[in-house]
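For reference, the structure is listed below as C-alpha cells.
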Amino acid sequence: MSSPQKGAEAMKNLRERFEDCYTAVPNGSGFKMKYIYYAPWYVWDMPEKSLRRQKCAMLLCSIAGLCISLLSAVQRSALNTAPVAFLLFALALCCHVMEFRGLFQFLGARYRTTKMTYEDVNRLLLTAPILRAAFSGALAVMGISAAV
C-alpha cells in the first residue's frame, strides 16, 4: 500500500513537479528569471562506461523485439485475421512505442540526472514492458488455442 504523500506526488502535473525541483533566481538584469535545480541529483549505481553499454544493449534488444513482433504480424495465419488479435497486437505495439520513448529518454539522460528525468524513465521502463508482455502473452495464448 502506498503512502498518501506518494499518491499526492503522482497526481501532480508537470508544472507542479517542475516547481518542486527548481527555484527561480533573478538574472543579472532583473527582467528574466533563471531557474536553478535544487532537488537531489540521481547518479546511476554502475560505472559510466558500463551504463553506456547497458543503454546500447537495451536499445538493441528493444529493436529486436519490435522486429520479431512485426515479422510475426505479417505471417499468413488465421490468427492474424482475427479482430481481437489485431486489437491485442495494436495495444502491444502502443506499449512498445511508450517503451521506446522511455528508452530514448534514458539514452539521453546524463550520468548525473534530475529527479524528474529519473522518475519518468523509471516509470516508463517499468510499466511499458510489463503491459507489452501481458498483451503479447494474451496473443500467444490465442495462438496456441487456435493451433490446438
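The table below gives the values:
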item: Per-residue Cβ neighbour rank within 10 angstrom, fewest leading, SER62, SER72, SER50; result: SER50, SER72, SER62
item: Likely footprinting exposure, TYR35, TYR22, fewest C-beta neighbours within 10 Å first; result: TYR35, TYR22
item: Principal semi-axes in Å for the chain [√(5λ), Cα gyration tensor, largest first]; result: 40, 19, 14
item: Mean Cβ count within 10 Å, highest first, over the residues of peptides 89-98, 52-61; result: 89-98, 52-61
item: Which of LYS49, LYS34 has the fewest Cβ neighbours within 10 Å, and the rest in rising order; result: LYS49, LYS34
item: The chain - percent relative contact order, Cα under 8 Å, separation 6 or more; result: 25
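Just so you know, all these numbers are worked out from the coordinates, no wet-lab data involved. These numbers were taken from a predicted model, which means no experiment stands behind them. FYI the Cβ positions are ideal-geometry reconstructions off the backbone, even for glycines, and counts take in every protein chain you see.
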